[in-house]
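The values are calculated or read from the model by the stated rules, or taken from the named source; none is laboratory data. Just so it is clear, the structure is predicted and the values come from calculations on it, not from any experiment. Cβ atoms come from the backbone with ideal geometry, glycine included; neighbour counts cover every protein chain shown.
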Amino acid sequence: MDTRDLTLRCLAERDGDLWLGYCVDLCLGTQADSADEVKAKLHDMIEDYLLDVQRAVNNGDRELAHEMLTRKAPLTVQLRYQRAVLLGWLRRGDKPGRSQRYNEYKQVPVTAG
């Protein structure tokens, strides 16, 4: 089966006592008590989600797999991610703030003919 490399943009963001985690490119989200925990939970969610994509491809439903790989987070989450990019660039080397952006690198099945 043909695969392609995919870079998934992710955001971990503190909200009071909780950390919220988002995968901007797959519209996934979770919460936890720490940044490390929210990143681990989001990593597991992404893995499970991509297994579902693989199942769709294996069942011959490439259209569903394509839809699953191209859905995006709401604009508000995308804007918070871009704000974290900007703040990270401005801080350069300072300790992380209440938002941390990072990437997950995955191989996914090719869904287009």
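Checking THR30, THR70, THR7 one by one, the residue that is modelled with pLDDT of 95 or more and either of a type in the set (A, V, I, L, M) or out of contact with any Asp or Glu (no Cβ under 6 Å at 6 or more places or on another chain) (or both) is THR30 and no other.
For VAL108, the conditions (1) modelled with pLDDT of 85 or more; (2) outside any helix (DSSP H, G or I); (3) of a type outside the set (D, E, K, R) all hold with the exception of (1). Taking ALA12, is it touching a Leu at 6+ places or on another chain (Cβ under 6 Å), buried (at least 18 other Cβ atoms within 10 Å of the Cβ) and not β-branched (Val, Ile, Thr)? When the stated conditions are applied, ALA12 does not pass them. Against the conditions (1) surrounded by 12 or more Cβ atoms within 10 Å (Cβ to Cβ); (2) outside any helix (DSSP H, G or I); (3) hydroxyl-bearing (Ser, Thr, Tyr), where does TYR49 fall short? Just the number, please. It is condition (2) that TYR49 fails. The set of residues in the range 9-44 that are part of a loop (DSSP other than H, G, I, E, B) and more than 10 Å from the chain's Cα centre (by Cα) comprises GLY16, ASP17, ASP33, SER34.
Residues that are among the aromatic types (Phe, Trp, Tyr) and free of Cβ contacts under 8 Å to residues at least 40 places away in the same chain were ranked within the range 14-69; the one that is farthest from VAL108 (Cα to Cα) is TRP19.
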